[in-house]
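The values are calculated or read from the model by the stated rules, or taken from the named source; none is laboratory data. Keep in mind it's a predicted model, so treat the numbers as computed, not measured. Cβ atoms come from the backbone with ideal geometry, glycine included; neighbour counts cover every protein chain shown.
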Amino acid sequence: MSTQPVLQQRIQPRAVLFDYGNVLCRPQHRAEVEAMAGVLAVPADRFEEAYWKDRLLFDEGAITPEAYWSGVASALSRTLANGRRERLIELDNQSWSHPDPVMVRWAIDLRAAGVRTAVLSNMPITLRVHLRSCEWLPEFDYSCYSCDVLSAKPAPEIFRNCLRGVGAAPEEALFLDDRAENVEAARALGIHAIQFAGPEQAQCEIEPRYDLPLAIRDPA
């Protein structure tokens, strides 16, 4: 009897779904968080607590930008007089606008090679509008933003919306996201998913398991 190991056949995804924050774009810079905190004259750690408290509601369009930022200010016993809301929105948009060139290039290359691509992201309407002017953001076969579909990860509805839009069954899609709860939600629906911690880590997990035409590589 042969004792040679059986090689597992690699999966060939029809579509790759990309989270936006911390996947296609890099994490917020600490200096930008501190700048937002400075607008309200509070320590950065206190600001972050208020910033994230209702962020998911903001992402899924359940509250308006005015209500969200008023809530942040109120939680910190501050007001939004003298253009503070506009400045906070500007800084917030900037903080989520630093592309990861490796992942952006891979998304472009995959689509050029015939793999369907989608962005699947929790995102407030203010950032969604801002990204329309970001020329670095690649073209996708489908864009699924929580503020547009009024549902946010890890809810199953947003995943189903994205799959319909990109034209793939769950088992035909590979999803990359930095948050464990979103990865687990995708897997519960039958979607292949990897928790993203950086291009090198993603490449190491993708290469032995998935048959994709191009490797993640530095565009330089």
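General remarks:
- In the set GLU139, GLU48, GLU66, only one residue is closer than 25 Å to VAL183 by Cα and outside the structural domain of ALA168 (by TED's automatic domain parsing); that residue is GLU48.
- Hits in the range 170-197 (condition: outside any loop (DSSP other than H, G, I, E, B) and under 16 Å from ASN22 (Cα atoms)): PHE175, LEU176, ASP177, ALA180, GLU181, ASN182, VAL183, ALA193, ILE194, GLN195
- Filtered by the rule that a residue be without any contact (Cβ under 8 Å) to a residue 60 or more places away in the chain and aliphatic (A, V, I, L, M), the range 78-130 gives LEU80, ALA81, LEU88, ILE89, LEU91, ILE108, ALA112, LEU127, VAL129.
- Test: residue in the range 136-147 that is free of Cβ contacts under 8 Å to residues at least 24 places away in the same chain and over 15 Å from the mean Cα position of the chain (by Cα): no
- For the range 68-100, a tally of residues being small (Gly, Ala, Ser) and over 25 Å from the mean Cα position of the chain (by Cα) returns 6.
- Among the residues of the range 174-204, those identified as loosely packed, with under 15 Cβ neighbours inside 10 Å and more than 18 Å from ALA152 (Cβ to Cβ) are GLY190, ALA197, GLU200, GLN201, GLN203, CYS204.
- The set of residues from the range 198-220 being of a type in the set (Gly, Ala, Ser), part of a loop (DSSP other than H, G, I, E, B) and modelled with pLDDT of 80 or more comprises just one member, GLY198.
- Checked against the criterion of being surrounded by 14 or more Cβ atoms within 10 Å (Cβ to Cβ) and at pLDDT 95 or above, the candidates GLU32, GLU86, GLU66 yield just one match: GLU32.
- Of residues in the range 110-135 being within 16 Å of ASP211 (Cα to Cα) and crowded, with 19+ Cβ neighbours inside 10 Å, the one nearest to the chain's Cα centre (by Cα): THR117
- Candidate set: the range 105-127, residues that are touching a strand residue (DSSP E or B) at 6+ places or on another chain (Cβ under 8 Å) and in a helix (DSSP H, G or I); chosen: the one nearest to ASP177 (Cα to Cα): ALA107
- Residue within the range 8-21 that is free of Cβ contacts under 8 Å to residues at least 40 places away in the same chain, among the hydrophobic types (A, V, I, L, M, F, W, C) and crowded, with 20+ Cβ neighbours inside 10 Å present: no
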